[in-house]
DNA sequence: GATGAATGAGTGTTCATTCAT
DNA sequence: CATGAATGAACACTCATTCAT
């Protein structure tokens, strides 16, 4: 019984990963159930024993990302100082983007045009992360550790950097973006944002 | 003859704009030639007198963006000081994103999965902009006006901020991102990057 | 323009007739759009220019029957005496069954299991015919031309005879039911019902 | 061994009844083996240990009806006088229709389009009943108890009344057909046919 | 015997593209 | 040039049937 359960979950995961792969490569619309099945090594009909529809596959991918989006590393970072926090956040999000690359790419083509997916994506993934970052920044500003700033602008600005850099690494690794390690990225961006947000003398 | 030519071009443009609209709303795959035609007020077959295929419409949209991507404002900004340059770039790219919103949104769903589109998008649009920004930054660093930094990281970081903020304004204006004017955005981001890149005392 | 209109209607009719044929032969479920198209000599996709779906085809068949179900012959029969009326009704319904045989057979397999079809069939086709018959019978009874009877039983009884005899003629012409002309049927049934409903002496 | 046999038969019957139920509700084509199995409380695969195929289920249903179609009541009625005979036949067939409603309804959607089923249905069920009725009528006519008539028309006419009235009771109990008891039906129809077939003075 | 996961053939429907008018 | 009816390839999804356990 335990075995059965485990097997079902393993197969479900295998299908989900294959789907994310194919969605990521061809986009949701162009991806075919047949190819997803072929990549798992099963018949197309079998997928429907685990997922209600092609769309259900997409939503399941979203759910999985949601489950992974906010983890301990992120939660524990709030106890660090500004420099450590920024570095920790960058490190964790770069890791998240890398580990879930196929899943994120699978979703991204549809998020633009699918309201339900958009809703899930923004309220469940982006929203909590932004909220956490905003709260931390405001606390630091209040404590005089960072200069006053509009967090609703700064947080998306930092997020956008991570998103675009991760996307470029996944899509065009050789063009535009030379091979840069995570740590180099973190180092450079930490400086940029830390200095960019440091208390200004003229504002003291 | 000149008139004919003009009429052709006007109609071509009308089709292109309708296509961008529909692609933007539904995504390339879900958009139908029939709806594009209906929005122009012509028959579906007529589109094929102006464009070879549905895909050709997409490529033409890309071409049009390419034509608009690098304009004078951008070219002239290089003569400004760092603060002015950053503000000018931000202002210009926010304007570009706003003015070409439909066209950009039309492209974005397919850029992820279409190699040819990717090629055009990155080498023709992103590439030149990045190159220009990189050159300016390096010159400023050499002149001691900005601290040494890895431009291949900083430039995408700034670009990512613009991209994500523009995307969020287009997709989820009410959620997450309060109603912020361009100038407020520019002001905040200029500070962030200017201070973030200012020469450090310990590095002098 | 008139031509176009006529052509559209002709083609629509051709599709409808082919559909009725195939539905009648194989039943609605087993019938395929491909075969219907083939029988009209068009491509499967073309059917969808005239009908929204396979089901729409079925409902259109029902509508067509509804339009033909109650005609003048039936309406004028109410002015005849009992013998003439019964004969007229029988003649008209036998004709209706024969002329619309394919359409009726197309419908019959689905009427049993499809609530919407059932609704249409009973309220639009069976209902009006039964109502008309019931009214006539009651008037004749009131006038002392026929014996008192429960019309809600007699009318379906007569209808059932027509239905079963028509069905047997269509399905098993050689078995059970020898080759009998319409007039022979009418003659025999008219006697059966006329005598069966004639005023009884003991009831006067 | 006897027990085993009994268990097998019980389960076979249970499956058959569930199948008749589902076929009757949804029609043969729309019914699924899965639902039939679920209604018996077994796995789909188990059905195949008792029946060769879905179609085999349908044929078994037909066989079961055949076994029940002609019973003693029907056979003994031939010793009654015309009035008693007609009433007995009506009573018995109404009972048969009611008791086997699910089975009859299961068959009816397919009889129209399935030649083999048609064959069985008409030669094994309808045929013997018609033959028995015809024989009785002819004997009564020969004995001067009923007027000469074409039995090959009258018998289906009576049968059609029973079929349609039973069908309407099953399908649309509330519409068209008020709630009428079997005995009321028998009473009214017996009069209709008895008087309709009574010897005519002018024919004596 | 019983199970139920797996199969894969078959179908309704969509839509980019063509071409006769 | 313009039309829009016609095409037919492609694809998601269903479900009777099989077979390893």
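What to note about this one:
- Shape call, segment D:117-181: gyration tensor on alpha carbons, a/c limit 1.5: oblate
- Euclidean distance between Cα centres, segment D:14-28 to segment A:1-52, Å: 34
- Per the Kirkwood formula applied to alpha carbons, segment A:97-141 shows a radius of gyration over Rh ratio, Rg over Rh, of 1.11.
- Counted by neighbouring Cβ atoms within 10 Å, the residues D:40, B:22 run from fewest to most as D:40, B:22.
- Nearest 10 degrees, 0 to 90: helix C:82-99 Cα axis against chain C principal axis: 20
- Residue among B:171, B:189, B:107 with the largest mean-square fluctuation in a Gaussian network model of chain B, springs linking Cα atoms under 10 Å: B:171
- Tail fraction, Cα-Cα pairs, segment C:1-110, threshold 20 Å, whole percent: 48
- Residues within the reach of a label modelled at residue B:131 (point 7 angstrom out along Cα to beta-carbon, backbone nitrogen below 19 Å), restricted to segment B:51-72, are B:63-72.
- Prolate/oblate/rounded call for segment C:32-87, Cα gyration tensor, a/c under 1.5 rounded: prolate
- Ordered by the count of other Cβ atoms within 10 Å of each Cβ, fewest first, C:153, B:36, A:66, C:186 give A:66, C:186, C:153, B:36.
- Cα coordinate range in the protein assembly as shown, projected on the principal axes (Å, largest first): 136, 84, 43
- Placing a label point 7 Å from the Cα of residue A:53 along the Cα-to-Cβ line, the residues of segment B:17-34 whose backbone N sits under 20 Å from it are B:26-32.
- Both radii are taken from the alpha-carbon atoms of chain A; with Rh as the Kirkwood radius, Rg/Rh is 1.05.
- Between the Cα long axis of helix D:101-111 and the first principal axis of chain D there is an angle of about 90°, rounded to the nearest 10.
- Calculated FRET efficiency for the pair residue C:142/residue D:139, C-beta based, R₀ 45 Å, to 0.05: 0.70
- Counting every alpha-carbon pair across segment B:2-51, the share separated by more than 19 Å comes to 22%.
- In terms of other Cβ atoms within 10 Å, B:174, C:63 run from fewest to most in the order B:174, C:63.
- Approximate shape of segment B:65-146 as ellipsoid semi-axes (Cα gyration tensor, √5λ), whole Å, largest first: 27, 15, 9
- Based on C-alpha pairs under 8 angstrom that are at least 6 apart in sequence, segment B:47-182 has a relative contact order of 26 percent.
- Tilt relative to chain D, helix D:2-26 - C-alpha long axis, 0 to 90 degrees, to 10: 70
Quick note: the coordinates plus some simple rules give every number you see, no bench work behind them. Just so it is clear, the model here is predicted, and its values are computed rather than measured. In this analysis, Cβ positions are derived from the backbone assuming ideal geometry, glycine residues included, and neighbour counts consider all displayed protein chains.
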